[in-house]
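Notes for the one structure printed next.
A short reminder: the numbers here are calculations on the coordinates, not readings from a lab. Everything quoted here is computed from the prediction, not taken from an experiment. Glycine also receives a Cβ, built like all others from the backbone with ideal geometry; neighbour counts cover every protein chain displayed.
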Amino acid sequence: MPESAQMSVIGKPQPRIDGPLKVSGLAMYATDHHFPDLLYAVPVEATIANGRVLKLDTAPAERMPGVQAIFHRANIGKIFRSTLGPGFEGICIERRPPFEDDVVRYYGQYVALAVADTFEAAKAAADAVLITYDKQEPNVETDLKADDDPDVVETSYGPEHRLQSERGDPESAFASAPVKLDQTYVTPSETHNPIELQATIAIWEGANLTLYEESQAVFNMRGVLAQMFGLPKENVRVITKFVGSGFGSKLWPWTHCPLAAAAARQLSKPVKLVLSRKMTFQSAGHRARTQQRVRLGAMRDGKLVSLQHDYVYERSMLDNYHENCGEKTAYHYSVPNLRVKFGRAKRNIGSPSDMRGPGAVPGLYATESAMNELADQLKIDPVRLRILNEPKIDEGLGIPFSSRHYLECFELGVEKFGWSKRNPEIGSMKRDGLTLGWGMAGCAWLAARFPAEANVQLRDDGTTRIACGTQDIGTGTYTILAQLAADKTGVPLDKVEVALGDTILPEGPISGGSMATGSVVPAVFAAADKAIASLLTIATTTPGSPFEKRRPEELAFEGGRVFVKANGSAGGVPFADLLRRANLRLVSRNGKSEATFGEKNPKFSTHSFGCHFVEVTWQPEIARLRVNRVVTVIDAGRIINPLAGRNQIEGAIVMGIGMALLEHTTYDPQNGAPINSNLADYIMAVNADVPKLDVHFLDYPDKEINQLGARGIGEIGLAGFAAAITAATHHATGVRVRELPITIEKLI
Ligand code: MOS
């Protein structure tokens, strides 16, 4: 590719091309769409977490003004179960279709649905449905003991061995290790709180179903909904033009989606269903509570000899979401004897699901905290402990890393933070009357590609259009795709049109796993290369074209112009001129790329790496702990848009501050309800909690991922962050917090 064009667009900070639409209110989010005869649906939430619906009295609700119908098990119509399909087209965490039976398994489970002419009428009717329950004690016990599960368990993504990784003899190596650490770390349930609530608008035209959704994965949603309604998937269209962020909560369909579709089917009118904030706490996923025992055995010089990571996480009664806390453990450090194993504990809660950095975020909190504690026990610097245990290869898989610059992240972090000035003695560092605490931790996140297809058009007005059925969930995907198209076609950014978020477009990747960008690069490049090749053929076959006598191989395309290679780039002709001469509006080509995610025998272990250095201030007199300074260094391959990239890491750090200090979804043991299910009681980090964030990227393109060497950056910034804060907190206060969040009570 032309180096000059690339320099101008790729790797330069680009403001979002969709920014003006968003700030002017013109961006159409799912619920901004309106249709004639649109009806409003409000689900009725179970007020018990375990039991059975004995009787539903809908008569008073049905008599209310504006009410169209009250749906329940007897009148909703058929909704099939969906199963895991090929690729990303059957993933659904809560697999039981709504109203399938009369058993209530968690608080807030939908037991009926009110549909009315207005939202207010539907809400009033939902509140007026009278329900008699057979109520049993809910199990929302926070102490997690693994259920008696088989060695191989079904998960939402397929079967998994509970023994995830094993090498050497970890038990005896631990027993004979001169230095040992055996601690259990607990992370609470946390709830995703994107500003935009979950919502669906469902419209039927004959046997065709259209859904306006805020999905992170429109093609998977199409696959699931097609199964649920017994339709060929071609009959289902899912449209998601903008998403007010998701953090994983919008990756997979939740039960309100088929409910809206079923109601629209029964009434033959479009139905809009918007969850309340309370409902999103109950029935649209959350980060699973985890309890993780970490055992480390080390030599006195700090070399690890044994690592055991045994974790248990909560799951719901019927569902199989896997909180994969152990994904990083097998490759993160060099250790000859290792075991990673998980167990699950069923609870009367809505199913947990992926939340930003699923698995790695709770997992690295535990393992990185253990590393920090071991460093203190050994009286060596925690950075040095990590250097001592840097692996040469991925010891879990026995293959090399494609690109790992973990130690260089530490080097830069140490320098930018001024880590060498750290006095390890607890409470010894002071500034302006405040006690300082310094802590650090490392992080990692997987990198791979999902399958992707994209379409690129070159048009006779000098513009280009790029289309891909992936989504922009607020992360900057519109802008990234425009940059890729601009890079390949030489068309300036403001003349690039980007179409996303629709299943009528070529099938794009999910916006998840920090993999959308890495996945689309080769597909876009392939499409652009094909469009350019076809343009060159047109240039040589159009009568009167300046290249009529040439063969395509003699021509080159650079910066939007076609020229004869032998003559150098001087005298090129803009592609728009060539199209006009041929009387063509456009050339249009699709490009595809294959998945590397889930490869059976990968040649390389592909991951991103990084580290965090944190300063907290502590005022024991008023028990005030503040995060005062953050340095984060990320090795995520090539950064296509440093502005959006930095923004991703900063956002993740803000969530990390929330995770460490504030966030905690609490279930009421009486009725199983998440009791802080609103933005007043569920406390998240806000601007006042966040200091200036100093984010650095290393720039090592990872060519195993794609031509640009770009890995993903959406999640890694949150991984490891809480462990850096707990370490800093210990350094300031002497208190080890092994159960998040670090509330004041735990410090005094
Ligand atoms: Mo992310 S939890 O894969 O949206």
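Under 8 Å for C-alpha pairs, at least 6 residues apart: give me the relative contact order for region 421-536, rounded to a whole percent.
It comes to 31 percent, rounded to a whole number.
Counting only aspartates and glutamates at least 8 places from residue 746 when in the same chain, those with an alpha carbon closer than 16 Å to its own are 621, 663. Here residue 102 and residue 169 are evaluated by their C-beta separation; at R0 = 56 Å the FRET efficiency comes out at 0.65.
For the pairs 250/592; 341/603; 55/346; 278/600; 55/278, note any where the Cα-Cα span goes beyond 32 Å. Write out the running numbers ahead of the final one.
Working: 250/592 25 Å; 341/603 25 Å; 55/346 27 Å; 278/600 41 Å; 55/278 24 Å.
Going by Cα-Cα distance, 278/600 fall outside the 32 Å limit.
Quote the Stokes-Einstein diffusion coefficient, in whole µm² s⁻¹, for region 507-600, based on the Kirkwood radius over alpha carbon pairs, a temperature of 20 °C and a viscosity of 1.002 mPa s. For these conditions, the coefficient is 143 µm²/s.
Taking all Cα-Cα distances within region 386-463, those exceeding 16 Å account for 72%.
Taken along the Cα-to-beta-carbon direction at a fixed 7 Å, the label points for residue 688 and residue 533 span 6.0 nm. The orientation-averaged projected area of the convex hull spanned by the Cα atoms of region 15-118 comes to 10.8 nm². Highest mean packing comes first when the peptides 279-287, 12-20, 235-243 are listed by Cβ atoms within 10 Å, giving 279-287, 235-243, 12-20. Values of log10 I(q)/I(0) for region 165-262 across q = 0.16 Å⁻¹ run -0.69, by the Debye formula with one identical scatterer at each alpha carbon and no solvent.
Distances over 18 Å make up what percent of all Cα-Cα pairs in region 448-575? More than 18 Å apart: 53 percent of the Cα pairs in region 448-575.
Of the complete DSSP H runs in the chain, those spanning 27 angstrom or more by Cα along the long axis with a mean Kyte-Doolittle score not below 1.0 are 516-541.
Based on the mean of other Cβ atoms within 10 Å per residue, sort peptides 741-748, 37-44, 363-370 so the most packed one is first. Mind showing how you got there, number by number?
Working: 741-748: 14.6, 37-44: 21.6, 363-370: 28.6.
Answer by packing, highest mean first, reads 363-370, 37-44, 741-748.
Contact order normalised by length for the chain, with contacts defined as Cα pairs under 8 Å and 6 or more residues apart; what percent is it? Walk me through the numbers on the way to the answer.
Working: 1970 pairs, mean separation 124.0, N = 748.
So the answer I get is 17 percent.
Placing one equal scatterer on every Cα of region 145-203 and applying the Debye formula, the log10 ratio I(q)/I(0) at q = 0.28 Å⁻¹ is -1.16. Shape analysis of region 75-157 yields a ratio of the Cα radius of gyration to the Kirkwood radius, Rg/Rh, of 1.04. Once you order the gyration tensor axes a ≥ b ≥ c over the Cα atoms, which shape class does region 351-398 get: rounded for a/c under 1.5, otherwise prolate or oblate by comparing a/b with b/c? Cα axes put region 351-398 in the oblate bin. Please state the shape class of region 30-89: rounded when a/c is under 1.5, otherwise prolate if a/b exceeds b/c and oblate if not, all from the C-alpha gyration tensor. Verdict is oblate for region 30-89.
Take every Cα pair under 8 Å whose residues are at least 6 apart in sequence, average their separation, divide by the length of region 538-587, and the relative contact order is 30 percent.
What is the diffusion coefficient of region 605-669 in µm²/s, taking the Kirkwood radius over Cα pairs and the Stokes-Einstein relation at 20 °C with a viscosity of 1.002 mPa s? Kindly include the intermediate steps, with their values, before the conclusion.
Details: Rh = 14.4 Å.
Once the numbers are plugged in, D ends up at 149 µm²/s.
In plain terms, the bigger the Kirkwood radius, the slower the diffusion; for region 179-332, with that radius from Cα pairs, at 37 °C and 0.692 mPa s, Stokes-Einstein puts D at 181 µm²/s.
What FRET efficiency would be calculated for the residue pair residue 119, residue 583, taking the C-beta separation as r and a Förster radius of 51 Å, to the nearest 0.05? Working from the Cβ atoms, E equals 0.50. Peptide packing for 464-473, 525-534, 390-399, 116-125 was compared via the average number of neighbouring C-beta atoms within 10 Å per residue; ordered from the highest value, the list is 464-473, 525-534, 116-125, 390-399. Here the simple spin-label model places points 7 Å from the Cα toward Cβ, and for residue 207 and residue 135 these points are separated by 4.6 nm. Within region 6-54, all pairs of alpha-carbon atoms sorted by distance into 5 Å bins from zero give the percentages 4, 12, 11, 10, 9, 11, 10, 9, 7, 8, 4, 3, 1, 0.
Listed by chain and number, the lysines whose alpha-carbon sits under 17 Å from that of residue 12, ignoring those within fewer than 8 places in the same chain, are 488. For residue 549 and residue 301, the difference between the fully extended length at 0.36 nm per residue and the C-alpha to C-alpha distance is 81.9 nm. In summary, the aspartates and glutamates within cross-link reach of residue 135, defined as a Cα separation below 19 angstrom excluding same-chain residues under 8 places away, comprise 45, 57, 100, 101, 102, 668.
For the chain, what is Rg from Cα atoms divided by 2.2 N^0.38 Å, rounded to two decimals? Each step should come with its number before you reach the end.
On the way: Rg = 27.3 Å, N = 748, 2.2 N^0.38 = 27.2 Å.
Ratio of Cα Rg to 2.2 N^0.38 Å: 1.00.
With the simple model of a label 7 Å out from the Cα in the direction of the Cβ, residue 420 to residue 54 spans 7.5 nm.
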